[in-house]
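Data block below; observations after.
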Amino acid sequence: MVLKMTDLPESLFANPVWSALHSVHRRFAISSGEASRYPADVSPFAAVATPGAAALEQLASLLVPEESVWVVAESLPEVPSLRFKTKLECLQMVLPEDMNLPAPSIDIVPLSNSDAPAMVALTDAAFPGFFRIRTCEMGSYYGIRSGGELIAMGGERLMLDGYPEISGICTHPEHRGKGYAEAIIWHIARAHRRNDLVSWLHVASPNERAIRLYSRMGFVESRRIMLHRLSLKAESDNNA
């Protein structure tokens, strides 16, 4: 089968967290049998090789009380040690490889670990809990400053072979509507294109504003996935 330019390979993208932790991001992987996760200060994502009860119990062994993680799967069975808290449908969108990419006209600067506190503070206003103090180690991050303050940012999160995810796109509420998010996305996509990489992203299906932006820029929906938020059950739950 010949892949279309808007297809994302099923072997990588049906379970993208697992794919990342067993390839480009294996240095982050904390694993037990068929379960793997990122360190808590890097990302709230975890994965199981197959969505069965045994793998979920192995995942439970990697968690600590009061901690939640997100797992990609169509559905998951209930297991004694885990509480299912919520789920979220997301679109995987890809930037076609034959698109012309405009050059940003805004001054965009690289960000480093020393910028991590400012990056966490900025993203917490938009998607609290997803961006952690070491998330910036997952890939390259860039930002826009005004008066020395970080007012917009974005970078790379899940890294699959040949397919880096664009993520963490965020603009301070007082500076929205100026094209900063779009400029940062183009900046990242141009860097990917120079290295023969394919740009893609996740966006929550209820986030219609972001989906409109990405669609207008030329991103195309490839598939939809389901994220499940899990946490350890408290001892009192297990003894009830």
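Every number in this text was worked out from the coordinates using simple rules, so none of it is lab data. Only a predicted model underlies this, so the values are computations on that prediction, with no experimental measurement involved. Cβ placement follows ideal geometry from the backbone for every residue including glycine, while neighbour counts extend to all protein chains displayed.
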Study note, to complete from the structure: Once amide hydrogens are built 1.01 Å from N within the peptide plane, the residues lying 5 or more places from Arg83 or on another chain with amide H under 5 Å from its amide H are Ser231, Leu232, Lys233
Check your understanding: Between region 132-148 and region 67-88, how many Å separate their Cα centres?
Key -> 29
Exercise for review: Do me a favour and compute the ellipsoid semi-axes for the chain from its Cα gyration tensor, root of five times each eigenvalue, largest one first, whole Å.
Suggested key: 31, 21, 16
Check your understanding: Among the aspartates and glutamates, which fall within straight-line cross-link reach of Lys85, defined as a Cα-Cα distance under 18 Å, with same-chain neighbours fewer than 8 residues apart omitted?
Key -> Glu57, Glu66, Glu67, Glu74, Glu235, Asp237
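Going highest first, how would you order 12-23, 117-128, 27-38, 95-106 by mean Cβ packing within 10 Å?
12-23, 27-38, 117-128, 95-106
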Review point. For region 48-128, what number results from the quotient of the Cα radius of gyration and 2.2 N^0.38 Å?
Key: 1.63
**Study point:** Derived scalar couplings ³J(HN,Hα) [region 62-78; Karplus, 6.51 cos²θ - 1.76 cosθ + 1.60; whole Hz; x for Gly, Pro]
**Key:** 9, 9, 10, x, 6, 9, 10, 9, 10, 10, 8, 5, 5, 8, 9, x, 6
Exercise for review: Report relative contact order for region 93-224 in percent, whole number only (criteria: Cα-Cα under 8 Å, sequence separation at least 6).
Suggested key: 31
Practice item. Specify the angular offset, from 0 to 90 degrees and rounded to the nearest 10, of the alpha carbon long axis of helix 180-194 from the longest principal axis of the alpha carbons in the chain. Key: 90
Revision key, fill the gap. Semi-axes (Å, rounded, descending) of the ellipsoid equivalent to region 139-222 per its C-alpha gyration tensor are 21, 17, 11
